[in-house]
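Just so you know, all these numbers are worked out from the coordinates, no wet-lab data involved. Everything numeric here is computed off the predicted structure, so don't read it as measured data.
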Amino acid sequence: MHHVHRTARTALGEAVRRGYATINAATRPKAPRVWRMRSSRTPSRRCRLLEAAGEGRNSARWALALALGLRQGKC
């Protein structure tokens, strides 16, 4: 939502600058907060992930992806 608000504010600002609109309605509301995801890079979270993945048949794939920092679909 933050990205949508920023894009709308920029687009409407350009419309005001060009004379297509009289006001930029996207500047009135506050921008939504940006939520940060917790990192999975702490050693304890890595160990828990590898333990859980070790029970399945793709344990080597998970270990490799975690070691190389790969995303889903890249390994």
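For the chain, the ratio of Cα radius of gyration to the globular rule of thumb 2.2 N^0.38 Å stands at 1.93.
Principal-axis analysis of the Cα atoms of the chain puts helix 2-18 at an angle of about 20° to the longest axis. Where only DSSP H runs of four or more residues are counted, the chain gives -16000 deg cm²/dmol as its mean residue ellipticity at 222 nm, each run worth -39500 (n - 2.57).
Full extension of the chain between residue 57 and residue 7 gives 13.6 nm of extra length, using 0.36 nm per residue less the Cα-Cα distance.
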